[in-house]
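Structure record follows, encoded as structure tokens.
The values are calculated or read from the model by the stated rules, or taken from the named source; none is laboratory data. This one's a predicted model, so the numbers in the text were calculated from it and none came from an experiment. Because the Cβ atoms are built from the backbone with ideal geometry, glycine has one as well, and the counts that use them run over all protein chains shown. What goes into the accessible areas is simple: the full protein's heavy atoms, side chains included, and nothing from ligands, DNA or RNA. Shrake-Rupley method; radii C 1.70, N 1.55, O 1.52, S 1.80 Å.
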Amino acid sequence: MENNNMDNGKQIIAEHEPVYQQTQIQEDPSVRMRKANTLCFISLGLNLLPVFIVTLMVAYNRASGGDNVLEGFPGRLITSVYGGAYIGSWVTMIIARVKYKESVFAKVLMWVYIGIAILGVIAFIVLMVMCINTLRSCPD
């Protein structure tokens, strides 16, 4: 008899537990692709922003007669924007990949960014090897 009461108690508790149903609003696929492409273009723009900043810095250096742009506050501002844009491009690409898994543009952008990062690491290693070889060739 006690065993039967336990089963009834479990049934009563189970009946009163809230049931959460996950409701997803189905969006039109073309709207989802547009949103994914918008995020990808923002990411691409943020990734290319440092290239435009460097171009502007070179143009300013030529126009000003060779003054160093990176001195003081402008230099800190430029490097902050440069780093922030690069990080922001990765973040928006990751958001596009997570929210819109079916987006081919986001997948391609992810692999392009990974390839660029790998090339950057290889370039850094080559630079370090060149510096070590140059230092070894110097007379004591």
Legend entry - In nm, spacing of pseudo-spin labels at Asn37 and Ile114 (7 Å Cα→C-beta vector): 2.5 nm
Inset, instruction - Using a 1.4 Å probe over the heavy atoms of the protein chains, calculate the carbon and sulfur portion of the accessible area of region 88-139 as a whole percent. - result: 82 percent
Inset, instruction - Quickly work out the Glu27-to-Val129 label distance, labels modelled 7 Å from Cα along the C-beta direction, and quote it in nm with one decimal. - result: 4.6 nm
Inset, instruction - Arrange the peptides 121-132, 90-101 so that the one whose residues have, on average, the most other Cβ atoms within 10 Å appears first. - result: 90-101, 121-132
Legend entry - Efficiency of FRET from Cβ geometry, Ile94 and Thr55, R₀ 35 Å, rounded to 0.05: 0.80
